[in-house]
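First comes the structure, then the notes that go with it.
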Amino acid sequence: MSRMATQFRNTVFATLMGLSASSAFAQTPTEFINDASAKEVAEIEASRLAHQKSESKEVKDYTIVVINDRTTANQRLAKIARQLDLPVAPREEVVDKAKALMPEVMEGASFDEAYAASQVKTTEEAIEQLEQTAQTTDVPQIKAFAEETLPKLQNHLQMAKALQASR
């Protein structure tokens, strides 16, 4: 079993607890950007791993969409932080938080199934966070980010559910 797979397995509980806690209350703009950025990095890295490990064209195609959209969203978050002159977490801290948020990914034949299931769950949680943020924030740039990102995540969710159903 690879070190990355072991790390994924060990962080599942922390992931679930962290994601639940972060959506339970309204976040400041800085908290939102740091939290959302870490989640974006986690999704990018999990999708890169899936792209490498999976033999399924359907999974590989999905991972490309996720990597591209989440990279663009993360770049947009960084731009918003600069525009608002917000203090953001150092890259190392964001990467560390992202590692703790990465879903459990199995080895072998169950890999695609586990990846698809984790994508459904994490995408549903990301949609919930963005919907809450769009409704509660008084920062126009963050509201616009949430509203612009939601349709892409809803598309990811449909794709992830189709992946899950095909496994």
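How many angstrom lie between the Cα centre of region 117-149 and the Cα centre of region 28-98?
Computed from Cα coordinates, the inter-centre distance equals 13 Å.
Given Cα pairs under 8 Å that are at least 6 residues apart, what percent is the relative contact order of region 56-167?
Dividing the mean separation by the residue count of region 56-167 yields 32 percent.
Taking a label point 7 Å from the Cα of THR30 along the Cα→Cβ vector, which residues of region 113-141 have an amide N closer than 16 Å to it?
Under 16 Å, as judged by backbone N against the label point of THR30, lies no residue of region 113-141.
Which of the pairs LYS60/LYS152; LYS53/LYS97; LYS79/LYS121; LYS39/LYS143 have their Cα atoms more than 21 Å apart in this structure? Display every interim value, and only then the final one.
Values: LYS60/LYS152 18 Å; LYS53/LYS97 23 Å; LYS79/LYS121 27 Å; LYS39/LYS143 18 Å.
In this structure, LYS53/LYS97; LYS79/LYS121 exceed 21 Å between Cα atoms.
Only counting other Cβ atoms within 10 Å, I'd like ARG70, ARG48 sorted with the fewest neighbours first. Intermediate results must be reported in sequence, preceding the final value.
Numbers: ARG70 24, ARG48 13.
The order, fewest Cβ neighbours first, is ARG48, ARG70.
We did not get these values from a lab; they are worked out from the coordinates using the rules stated. The structure displayed is predicted, hence computed values, not measured ones. Every residue, glycine as well, gets a Cβ built from its backbone with ideal geometry; the counts of neighbours run over all protein chains shown.
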